[in-house]
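Chemist: Attaching a single structure in structure tokens format; questions to follow.
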Amino acid sequence: MQLAFLLIVSALTARGLDASLLVPEETDISLPERYRVNEWCRQLGKDNVLLISIHCNAAGRGDRRLFARGWCAYTTRGDTRADALATSLYTAAQAHLPGHRLCTDYTDADPALEKDFYLLRHTSCPAVLTENLFMDNHEDCDFLLSPEGQQALVDLHVDGITAYLSTL
């Protein structure tokens, strides 16, 4: 996934946007260290910063492959600017992940799932966490590891972000 992150940043930069990896380290860092995004918000203004936390989902215990599938985006509970960003990402997911299940929750009029994940809840700017298919499902994993799958994830995130920014 590190390559996909770099390709997303490169594509956004090529479109004239200021984009950076929040976590350029290749090893896991603690949650408090990830809040460097709030420092960026203080320096640049929270209305000038977005956080997209990109993940691959898993349903098992690591000892066997399972059948869960799908793509989704999470925001915190309530109506926030992150909901509009997540909606743009869902629209891009429909275009770039044909045939893949999109997990949604329209109980509050937008498709994003809502969880008070620590990273989303403690970030000053709009923040969305995407779960990009399931790494413990054979079909999803094969797609994620393919050049087509990697490009689909890059295009999904870049198109979703730029579509959101065009509405501001």
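Chemist: Could you tell me whether the range 87-95 includes any residue that is part of a loop (DSSP other than H, G, I, E, B), at pLDDT 95 or above and of a type in the set (G, A, S)?
Modeler: Quick first cut of the range 87-95, residues part of a loop (DSSP other than H, G, I, E, B) only: none.
So far as the range 87-95 goes, no, none of its residues is part of a loop (DSSP other than H, G, I, E, B), at pLDDT 95 or above and of a type in the set (G, A, S).
Chemist: Which ones in the range 124-145 are in a loop (DSSP other than H, G, I, E, B), touching a helix residue (DSSP H, G or I) at 6+ places or on another chain (Cβ under 6 Å) and buried (at least 20 other Cβ atoms within 10 Å of the Cβ)? Even if it seems obvious, please write down each step before you answer.
Modeler: Taking the range 124-145 and keeping what is in a loop (DSSP other than H, G, I, E, B), we get 124-126, 135-137.
Narrowing further to those that are touching a helix residue (DSSP H, G or I) at 6+ places or on another chain (Cβ under 6 Å): 124-126, 135.
Matches in the range 124-145: P126 only.
Chemist: Considering only the range 1-30, how many residues are open to solvent by 70 Å² or more (accessible area, probe 1.4 Å), closer than 23 Å to N48 by Cβ and in contact with a strand residue (DSSP E or B) (Cβ under 7 Å, 6 or more places away or on another chain)?
Modeler: Count: 0.
Chemist: Then there's this: Can you find, within the range 31-52, the residue that is surrounded by the fewest Cβ atoms within 10 Å (Cβ to Cβ) among those that are closer than 27 Å to G70 by Cα and out of contact with any Phe, Trp or Tyr (no Cβ under 8 Å at 6 or more places or on another chain)? Let's see the steps before the verdict.
Modeler: Start the filter on the range 31-52 by keeping residues that are closer than 27 Å to G70 by Cα, which leaves 31, 34, 50-52.
Of the ones still in play, those that are also out of contact with any Phe, Trp or Tyr (no Cβ under 8 Å at 6 or more places or on another chain) are 34, 51-52.
Details: R34: 18, L51: 21, I52: 22.
For the range 31-52, the residue satisfying everything is R34.
Chemist: Residues to consider are G160, G70; find the one that is under 14 Å from the mean Cα position of the chain (by Cα) and modelled with pLDDT of 95 or more. Steps first, answer last, please.
Modeler: Numbers: G70 fails: modelled with pLDDT of 95 or more.
Among G160, G70, only G160 is under 14 Å from the mean Cα position of the chain (by Cα) and modelled with pLDDT of 95 or more.
Chemist: Kindly evaluate P32 against the criterion of being part of a loop (DSSP other than H, G, I, E, B), at negative phi and either out of contact with any Gly (no Cβ under 6 Å at 6 or more places or on another chain) or among the polar types (S, T, N, Q) (or both). Step through it out loud before you land on a result.
Modeler: Numbers: part of a loop (DSSP other than H, G, I, E, B): no; at negative phi: yes; either out of contact with any Gly (no Cβ under 6 Å at 6 or more places or on another chain) or among the polar types (S, T, N, Q) (or both): yes.
Answer is no for this residue.
Chemist: Being touching a strand residue (DSSP E or B) at 6+ places or on another chain (Cβ under 9 Å), open to solvent by less than 40 Å² (accessible area, probe 1.4 Å), in a helix (DSSP H, G or I) and in contact (Cβ under 8 Å) with a residue 60 or more places away in the chain, is that true of even one residue in the range 159-167? Before the answer, list the steps.
Modeler: Taking the range 159-167 and keeping what is touching a strand residue (DSSP E or B) at 6+ places or on another chain (Cβ under 9 Å), we get 160-161.
If we keep only those that are open to solvent by less than 40 Å² (accessible area, probe 1.4 Å) too, we end up with 160-161.
If we keep only those that are in a helix (DSSP H, G or I) as well, we get 160-161.
From the residues that got through so far, the ones that are in contact (Cβ under 8 Å) with a residue 60 or more places away in the chain too are 160-161.
The answer is yes, given that some residue of the range 159-167 is touching a strand residue (DSSP E or B) at 6+ places or on another chain (Cβ under 9 Å), open to solvent by less than 40 Å² (accessible area, probe 1.4 Å), in a helix (DSSP H, G or I) and in contact (Cβ under 8 Å) with a residue 60 or more places away in the chain.
Chemist: Residue check: is A93 open to solvent by less than 50 Å² (accessible area, probe 1.4 Å), closer than 14 Å to E114 by Cα and within 13 Å of the chain's Cα centre (by Cα)?
Modeler: Against the criterion (open to solvent by less than 50 Å² (accessible area, probe 1.4 Å), closer than 14 Å to E114 by Cα and within 13 Å of the chain's Cα centre (by Cα)), A93 does not qualify.
Chemist: For residues in the range 107-123 being modelled with pLDDT of 95 or more and of a type outside the set (D, E, K, R), which is surrounded by the most Cβ atoms within 10 Å (Cβ to Cβ)?
Modeler: This residue is A112.
The values are calculated or read from the model by the stated rules, or taken from the named source; none is laboratory data. As the structure is a prediction and not an experimental result, all values here were calculated from the model. Ideal geometry is used to build each Cβ from the backbone, glycine not excepted, and the neighbour counts take in all protein chains shown. Note: accessible area is taken over every heavy atom of the protein model, side chains too, but ligands, DNA and RNA are not part of it. Shrake-Rupley method; radii C 1.70, N 1.55, O 1.52, S 1.80 Å.
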